[in-house]
Amino acid sequence: MMREIALKVEQGNRINEKDALWLYQHAPLNELGRLANRINLRKNGKAVFYNINRHINPTNICALSCKFCAYSKKIGEEGSYAYEIDEMITKAGEAVAQGATELHMVGGLHPRWNFQRYVDMIAAMHKAYPDVHLKAFTAVELDWMARKARKTIPEVMTDLRSAGLGSFPGGGAEIFHPEIRDQICDTKVSGDQWIDTHRTAHTLGMRSNCTMLYGHIESYEHRVDHMRRLRELQDETSGFNVFIPLAFQPFQNEMGVNRYTFGADDLRTIAVARIYLDNFRHIKSYWVMLGQDVAQLALQFGANDLDGTVLEEKISRAAGGRAGMVMTRSNLENLIRRSGRIPVERTTLYQPVHENDRRHMTAVSNESASDDIIECLQALETGGTLAPSNLWRVAQEAPLHLVTKALDASGKLFSQGQSLTACLTIKMDMTTTPETAANQVRKLDSESKKIQNGDASVLNLDASAVTGALDLTPIIESCLAAAPRAQIVLHGIKSVVVTAEAAGLKPTEYLARLRASGLNTLEESSADCSMDSEQKWMVFHCAQSADIAVLPLISIRGIGSSLDWSTWADDITELRSRLVQDKTLFAVNLLVKADALVMPSEYLKALALTRLCLPTSLQIWTPVLGIPVLAPQRGLGADNSHHPSMKLVSTLSSFGSSSLGLVSTSELSVERLMEDVRASGVGPRLTCARQNEINLDTNIADKLSTLRHVPNLIAVS
Ligand code: V47
Ligand code: SF4
């Protein structure tokens, strides 16, 4: 079916709603992304738009009470506000001083504002800043104004245009289908009215945008139906500038929805829109709702616009939006450049602000790379290896989609029991102070129940911050006394070296003692990256001869505004050379150096390349909280269940991850995590094991068979 749909698209035929639904439900994520990406490159070339704009939400006082809306308040309610026109002009002035070419204004339906108030607002703004494009008022606000003024929609639009309004934003569309609309915003204009209003605008020669609010209670069918109505109107009028999927922000709503959209769903939505909405030139990856991370990735999945600097956005913020309210020009340009695209500042009507940039908008037939890079990828695809210099160049130069194409063709994806696993873990921070360590052990008494109940299987002794000598043998013994079924992992290699030295022991001797006390795995920490590689591998070999499994690390790091692929290439080369002699290695962790600025698209490319470079007997672990995120943090709950990196979990298996590694049950909600894992499932490919999923101290063959016969394995299909 994927091939049929792709063929339709390649031959210039449009896909139908059934095809769109199939793509949503079944298309492999990367194949879908490649198709959408190809279409976008043909329509828009390598240019990705952004604009310098400011949002001004004139009031949050609203006569309606849409169930999804966290933003609206009633008159007199705490937190309600209504700006005077002067205040708005001051805000606009700040933006204009920073180069804004657009003001975006939407807000609540203020019961005490009459139509003239809106006309005055636009007239005053236009007078103060005649060169700035005023994009204001949703179909919902226009309907409100028309009813208040007893005017028709065309009259309202004409008056606003005469006052200086430039175009209409796409809000208020939500989900058109009455099955959903009646549940989430029954007092708002209907879907048909929304469409009629935009038809009127287009007929009057004005342009508008359109949106879709997704990720709440609607189904894929409702989304496709929504897009169908937009495509039909666009066929009629060609008046839409852009389609903007709005990812639902889940806090303070009356619909019982309390989780962010899955990253894989966001990417799917952008891609399906790009493929289905063939009569739209632009698809917006709205960073405010998607978060910077997914917004950046979406540029590879069919989107060609990031929206703008925004400056003050209150609607998503009220509902738990965590992407921040403002981006600078250089932030936006950096996100675009590091996805291999060319940033182009645009006007509201999608013209380049600098005429010279138009050349970047010329169609490109597909992602490309030089012949030798293609040859290198082919070598990896067929199981070959590359010299370090070539490895480094491939990582640096190959576009993400060429890498995933090679990965798909290699047959390495989903080769390990077709699972994405997680080892549920209790983490204990080790320190050199014996009293604190003893306290930790005491704490374990309560935590040990989790292990006895099978809710966790691993005890992770985190010694990565330990700098002095700390003999872990008594601690491990106490741990096992409290939780006899626990598998003990030691995180951090340096402590082994330091402690052995202080005790006058050889590392082999100390490791043998640790093994005798019950240690089964030694895991490299990012703090160990500074160790000399020979010394590190010497410790690993000693551990292995003591029958302790080892988990090395592959690290990537960002430097300034780019990514340094050399540490990654070195780690891969090193690991490959070790693998020749060492058949007992079973997994590696893929980690970003803590201080690094690494883009999500770069992390996923590193993951896909790592999978391509290493034999499938070696699992690649992507620890959830080690996935790089760009967005600033906000406190949304005590644990990390809403951490932005969770958004990417649903994408990881498509890029070659085998496991989320050691997941600390006190840091992340397992239920949430399982939802994310399920959300990545295309067909019966993914499973999330709750307990004993990886028996760390067995050899690979045993372990793989364990993977396939895990008790309580939850199959996802
Ligand atoms: O209509 C409300 C949505 C819209 C939430 O045209 C929410 O360029 C997510 O339409 N989670 C207003 N979305 C914003 C809008 C928009 C934004 C950016 C650019 C453009 C454009 C238009 O925000 C509303 C509603 O669909 N919304 N609450 C929420 N919790
Ligand atoms: Fe009012 Fe708009 Fe919120 Fe609905 S979504 S309650 S119309 S501000």
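The values are calculated or read from the model by the stated rules, or taken from the named source; none is laboratory data. Given the structure is predicted, the values throughout are model-derived calculations rather than measurements. Virtual Cβ from ideal backbone geometry, glycine too; neighbours counted across all protein chains shown.
Do we have ARG231 as within 11 Å of ligand 1 (Cβ to nearest atom), over 25 Å from ALA70 (Cβ atoms) and modelled with pLDDT of 95 or more here?
In short, no.
Could you figure out which of (1) more than 14 Å from THR348 (Cβ to Cβ); (2) in contact (Cβ under 8 Å) with a residue 40 or more places away in the chain; (3) small (Gly, Ala, Ser) isn't true of ALA146?
Result: ALA146 fails condition (2) only.
Can you find a residue that is part of a helix (DSSP H, G or I) and within 11 Å of ligand 1 (Cβ to nearest atom) anywhere in segment 302-315?
Just the residues of segment 302-315 that are part of a helix (DSSP H, G or I), to begin with: 315.
If we keep only those that are within 11 Å of ligand 1 (Cβ to nearest atom) too, we end up with 315.
Yes, some residue in segment 302-315 is part of a helix (DSSP H, G or I) and within 11 Å of ligand 1 (Cβ to nearest atom).
How many residues does segment 328-352 hold that are assigned to a loop (DSSP other than H, G, I, E, B), crowded, with 16+ Cβ neighbours inside 10 Å and more than 13 Å from ligand 1 (Cβ to nearest atom)?
4
Quick one: how many residues across segment 385-397 are surrounded by 12 or more Cβ atoms within 10 Å (Cβ to Cβ) and free of Cβ contacts under 8 Å to residues at least 60 places away in the same chain?
Selection size over segment 385-397: 3.
For VAL132, all conditions in the list (1) closer than 13 Å to ILE89 by Cα; (2) of a type outside the set (Asp, Glu); (3) buried (at least 19 other Cβ atoms within 10 Å of the Cβ); (4) away from ligand 1 (no atom under 16 Å from the Cβ) hold save one; what is the number of the exception?
VAL132 satisfies every listed condition except (4).
With the structure loaded, tell me whether ARG181 is surrounded by fewer than 23 Cβ atoms within 10 Å (Cβ to Cβ), within 16 Å of ligand 1 (Cβ to nearest atom) and within 36 Å of the chain's Cα centre (by Cα) or whether it fails that test.
Considered against the rule, which asks whether it is surrounded by fewer than 23 Cβ atoms within 10 Å (Cβ to Cβ), within 16 Å of ligand 1 (Cβ to nearest atom) and within 36 Å of the chain's Cα centre (by Cα), ARG181 comes out as yes.
Go through segment 241-280 residue by residue and tally those that are modelled with pLDDT under 95, among the hydroxyl-bearing types (Ser, Thr, Tyr) and more than 22 Å from the chain's Cα centre (by Cα).
Going through segment 241-280 one residue at a time, the tally reaches 0.
Considering segment 266-284 alone, what residues qualify as being surrounded by fewer than 24 Cβ atoms within 10 Å (Cβ to Cβ) and either among the aromatic types (Phe, Trp, Tyr) or touching a Gly at 6+ places or on another chain (Cβ under 7 Å) (or both)?
Kept after step one, since they are surrounded by fewer than 24 Cβ atoms within 10 Å (Cβ to Cβ), are these residues of segment 266-284: 278-282.
Hit for segment 266-284 is PHE280, nothing else.
Identify, from the list VAL140, VAL189, the residue that is within 13 Å of ligand 1 (Cβ to nearest atom), crowded, with 16+ Cβ neighbours inside 10 Å and over 31 Å from the mean Cα position of the chain (by Cα).
Numbers: VAL140 fails: over 31 Å from the mean Cα position of the chain (by Cα).
After applying the criteria, what remains is VAL189.
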